[in-house]
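Structure record follows, encoded as structure tokens.
The values are calculated or read from the model by the stated rules, or taken from the named source; none is laboratory data. Here the structure is a predicted model, which is why all the values come from computation and not from measurement. A quick note on method: Cβ atoms are made from the backbone with ideal geometry, for glycine too, and the neighbour counts reach across all protein chains shown.
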Amino acid sequence: MDPNFPVLTALVLVPVAGALAVLAVPRSRPELLRSVAVLFSGAAAALTVWVLAAFDRHDAGFQFVVNRSWVSDFGISWHVGVDGISLFLVVLTGLLFPIAMLGSTPHHDAKPYYAWLLLLEAGCLGVFISLDLFLFFVMFEIVLVPMYFLIGGWGYANRVYAALKFFIFTMFGSALMLVGVVALAYLHRNATEDANRAEATQLVVEANGNPSQAEAAHIAELRKGVPLSFDLVDIAEKHQVVDDSKSANPLDWSAARWIFLALIVAFAIKVPLFPVHTWLPDAHTEAPTAGSVILAGVLLKLGTYGMLRFGLYLLPDAAVFFAPVLVTLGVIGIIYGAIVATMQKDLKRLVAYSSVAHLGFIVLGTFAITTQGMQGGLLQAVNHGVSTGALFLLVGMIAERRGTREISLLKGLQKPAPLFAAVFTLVMMSSIGLPGLNGFVGEFLIMVGSFLTRRWWTVVAAAGVILAALYLLWAYQRVFHGEPDEDNRHFPEINWREGLVIAPLVAAIVFLGVFPKPVLDRMGPSVDKLIDHVEQNSDFVSPKVKHPAPVKPAEEAQQEAGE
Amino acid sequence: MIAVLGSLGQPLPVDPTPISTPDVDWVAVAPLLVLVAGALVLLLVSSFVQRKATAPYTAVTCLAAAGAIAAVVPLWRRVQDNGRGPFSTMAGAVGVDGFSLFLIVVIAVAVIMAALLADGYLRREGLEGVEPYALLLLSASGGVVMAQANDLIVLFLGLEILSLAVYVLAAMHRRRLTSQEAGMKYFVLGAFSSAFLLYGIALIYGGTGTTNMVKIVQFFGGAALEKDGLILAGLALMLVGLGFKVAAVPFHFWTPDVYQGSPSPMVAWMASGVKVAGFAGLIRVFVVAFGAYRVDWQPLVYGVAVLTLVVGAVLAVVQTDVKRMMAYSSINHAGFVLVGVEAATRQGVQAALFYLATYTFLIAGTFGVITLVGRKGDGHHRLDDYRGLSRSRPAVAFALTVFLLAQAGVPFTSGFFAKFYVINAAVDAGSVWLAVIAMVSTVISAFIYLRITVSLYMSEPEDAEAGAAAGRRAGPRVPVPAAAGVVLAVCLIVTIVVGVWPGSVAEVARDAVPVLAAPR
């Protein structure tokens, strides 16, 4: 493929085209709907895999960048790119959507169902590749609409309540975020103008009042106003909106902290962090299976990704300031999610609460601000997408077969369906964090990383790992063990189609558990760069544990030796 | 006494100098003349066509409005031309600047939308006649006068022309008692608020010695006033009068009742055209003429904006009647425009103009659907009446969903950029907390928009079983007349296209600068 091909733009446009194609399928050919939808999301998945293959793992910066003006008056541009931080979330999104589409079928109105799913995919991919604050906001917000209609239209009994709650909660966060983003853009512009003027004055002084022609032109250029810009890289790298963290009064907050707060509330709701998590169990439980898979697998990651990119990268100083609060909330989420999950009677709700706990780990790792913690957080975001996605698919299959998700009504399923039980065990073990499976690698890295900076938080979080084993194993025991009663005796075994759908997820679980190095290698440079950025722009010093340099391919090393 | 009687016998002394009549630039008032002429033509046509017709009236009304837009084009070129620029005529009483021309176009578009919606509505309700159309054009001409007013008295004249016609339009549905009630309520309260405005103008005249806004600006350009009590009181009273027209809280009490009772197409006009005219006056008087007093009036408008945003959003949530919901939501939207006004910057005016322009399409589309779903008798406005519309009329349901999401400020709709520009203006002007309140109020009001979509998509139609038994698609059976269909299609396209490429509209709004040009 042509290296200048705007692959990321295509990544967003392909699902949109797919949605239109689905709508164009004639009413008389309903059987085509799923094929068309899977075809387009499969094409998007192929593009993400291509991005993964073409990604240069030594480059810490943004790759495949496209930057085009969109609303020129306000400095808004279609600025997209991926780096090691977003790469795997993009791939995860690309792969999870076709799986979710194949993994379950809607009971009615297939056409809008697939159209909404494809639009959702476009929005999610858009979030992960945006390098413009405005573009990011737009994508972050547009994701709500398809998900709202998916939950409300194809969900279970209490779907309308869950859909409304989901929309209103998340929109509240976005509302604050919009103000934060706009305020940041203006402050950045004003600060840049001030800096330019100061520089101009300095130049005039240095030239003793009679600058040369070139200097005069430069001074005039500096004195001119600066256009508004929403560009993430521009705002983050210039770092004009500074924090007064060294101020004597800790409550004397500068704008940067308020802006960070406005952004982080939006992300915290999306993640969801402890006190604002209440939309999640409802939304996850009431959503149709594909909706739950995407909600858990992709949508929650919008929050953790936002924390990294638009929290730590954009406002490092304020992020360091608020890190203790966020880490604490994350740890509360770990313990609280686990305890509440233990109490659940509904299998799907149990998995939903386990998400609260897992996402708590990710936040802990992220705001530990160490290489290991952050890498672990990112890896765990992918892991959680894979394993919880698979869990929701399996729970969906149980609900489909039995018409209920009540744990007390299920019993002894491993007798009639041993293979199904085996797959469930594997996925569950990954979720618990059994060594050799992907969950372990992520949680271990998070623990190592956060132990360096947040020792006691990590100690408490470690208890969460044990609790995870408790609630999942107990649920497994109740559902799969024992002698099946009359209702459960004829539980059908996993069939070929279901097996094929779940196979890639199982493969990913094992692969990431045994050999996570290719993933970590690609994340590494970007994560290190981000931590350097935080250190440069705040008084935070990340504890240095020597990170092994990525092994260079043999010929490259030879080349260097030759030089 | 005798001397006076004696003088009666004498011939009156003839003043040799003729009364100097002001210059009239006919081209400058062409949009106004086209609208008034359209109303007269309508009345003339009505004596030739048979009583029961609506199509010729609709056609003439739309032509007149389109003519007004056409008349704006050369004026816009002239105003935007660097050599010539904005100007005023009729002794400085009527101004022609980008601002007024922009609003004239918005008003004309609102007229076209309302006329097209009214076409099917009047036939359905058996109310065919020329009167609604003539009144619509006359009230639009009042709006145009307000948009062009460079003199407070002219502003008042425009307001009265506009309002009197709208009072009658509100009471137009002869067989619905609520319509009569709405007209009566609107009239009494409207007259009351006009009195406030007039009293405010009188106080301003007392304080400055003139009602001409150009001279008012010149007056403030001189020395600072030591005692400006009269002016402050005048401003406050004018805020009441104009706030009533745009339905700002706490002058909003008429809105829900009037919106609920009035014929639905006319509500579309009230929520778009009338509001636009009200904001034209508000911006011209406060931002432009009394810009020097912004430190004094900004806190006032700030407070009104906060109340308008919050009350509009919160009270909308507890309604069960869709028209009342939209009435309160329109109050919330007025709050957004007020946020732009409060900024009192060029950017704020641009944001307000963009908001008004895009909102006109949104509200025309929304009330278009409400008109259709109201069905014969204009009485089906409960939330339950929308249940299952997505099954019987998927296209109409989709259009309404887009309009509602746009009003909630969802990206890729015009409503999102409207809110974005307002927030930009507010943040740039330093009113960050006002921006926060505005956005939070959007979230609250989003709840009602979502509730309507729940009825559309996620509820079983009331006649689901009966429909299944009869072998037809369930859901309300809503006939869609061609004219209304056109309105919905146009509004839908504009909402989405502007939502993706806002640039052109935003640039025109940016160029629509309000200027008070002195007469030559």
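Among the candidates A:Ser69, A:Ser41, A:Ser86, which residue alone is of a type in the set (Gly, Ala, Ser), at pLDDT 90 or above and closer than 28 Å to A:Leu312 by Cα?
After applying the criteria, what remains is A:Ser86.
Check off (1) buried (at least 23 other Cβ atoms within 10 Å of the Cβ); (2) within 23 Å of A:Lys411 (Cα to Cα) for A:Gly373 and give me the number that stays unchecked.
Status for A:Gly373: all satisfied but (2).
Conditions (1) over 20 Å from the mean Cα position of the chain (by Cα); (2) over 16 Å from A:Pro6 (Cα atoms); (3) buried (at least 24 other Cβ atoms within 10 Å of the Cβ), marked per residue:
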| position | (1), (2), (3) |
| --- | --- |
| A:His58 | yes, yes, no |
| A:His107 | yes, yes, no |
| A:Glu141 | no, yes, yes |
| A:Gly152 | yes, yes, yes |
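A quick yes/no check of all residues on (1) within 10 Å of chain B (Cβ to nearest Cβ); (2) under 18 Å from B:Leu450 (Cα atoms); (3) in a helix (DSSP H, G or I):
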| position | (1), (2), (3) |
| --- | --- |
| A:Phe128 | no, no, yes |
| A:Met139 | yes, no, yes |
| A:Met147 | no, yes, yes |
| A:Met171 | yes, yes, yes |
| A:Leu176 | yes, no, yes |
| A:Gly180 | yes, no, yes |
| A:His188 | no, no, yes |
| A:Glu193 | no, no, yes |
| A:Glu199 | no, no, yes |
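Limited to the range B:452-473, what total is found for residues that are surrounded by 18 or more Cβ atoms within 10 Å (Cβ to Cβ), modelled with pLDDT under 80 and within 13 Å of chain A (Cβ to nearest Cβ)?
0
Results for (1) of a type in the set (Phe, Trp, Tyr); (2) crowded, with 21+ Cβ neighbours inside 10 Å, shown as yes or no for each residue.
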position	(1), (2)
B:Val246	no, yes
B:Val249	no, yes
B:Gly261	no, yes
B:Ala280	no, yes
B:Tyr293	yes, no
B:Leu300	no, no
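For B:Val41, state whether it is more than 23 Å from the chain's Cα centre (by Cα), part of a loop (DSSP other than H, G, I, E, B) and among the aliphatic types (A, V, I, L, M).
no
Just one of (1) buried (at least 20 other Cβ atoms within 10 Å of the Cβ); (2) out of contact with any Ser or Thr (no Cβ under 7 Å at 6 or more places or on another chain); (3) within 30 Å of A:Ala53 (Cα to Cα); (4) β-branched (Val, Ile, Thr) trips up A:Ile509, so point out which.
The single condition A:Ile509 does not satisfy is (2).
Condition check ((1) part of a helix (DSSP H, G or I); (2) in contact with a His (Cβ under 8 Å, 6 or more places away or on another chain); (3) within 12 Å of chain A (Cβ to nearest Cβ)) across all residues:
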position	(1), (2), (3)
B:Tyr328	yes, no, no
B:Ile331	yes, yes, no
B:Gly348	yes, no, no
B:Tyr355	yes, yes, no
B:Tyr359	yes, yes, no
B:Asp378	no, yes, no
B:Ala399	yes, no, no
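Might you let me know whether the range A:393-414 holds any residue that is modelled with pLDDT of 90 or more and closer than 24 Å to A:Tyr305 by Cβ?
yes
List the number of the failed condition for B:Val144; all other conditions in (1) over 17 Å from the mean Cα position of the chain (by Cα); (2) surrounded by 24 or more Cβ atoms within 10 Å (Cβ to Cβ); (3) hydrophobic (A, V, I, L, M, F, W, C) hold.
(1)
Residues are listed down the side, and each one gets a yes or a no for (1) at pLDDT below 90; (2) surrounded by fewer than 24 Cβ atoms within 10 Å (Cβ to Cβ):
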{"position": "B:Ser20", "(1), (2)": "yes, yes"}
{"position": "B:Gly38", "(1), (2)": "no, no"}
{"position": "B:Lys52", "(1), (2)": "yes, yes"}
{"position": "B:Leu63", "(1), (2)": "no, yes"}
{"position": "B:Ala70", "(1), (2)": "no, yes"}
{"position": "B:Asn82", "(1), (2)": "yes, yes"}
{"position": "B:Met90", "(1), (2)": "yes, yes"}
{"position": "B:Ile107", "(1), (2)": "no, no"}
{"position": "B:Met113", "(1), (2)": "no, no"}
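Just name the residue that is surrounded by the most Cβ atoms within 10 Å (Cβ to Cβ) out of those in the range A:61-83 that are out of contact with any Gly (no Cβ under 7 Å at 6 or more places or on another chain) and away from every other protein chain (no Cβ under 14 Å).
Looking at residues that are out of contact with any Gly (no Cβ under 7 Å at 6 or more places or on another chain) and away from every other protein chain (no Cβ under 14 Å), I get A:Val80.
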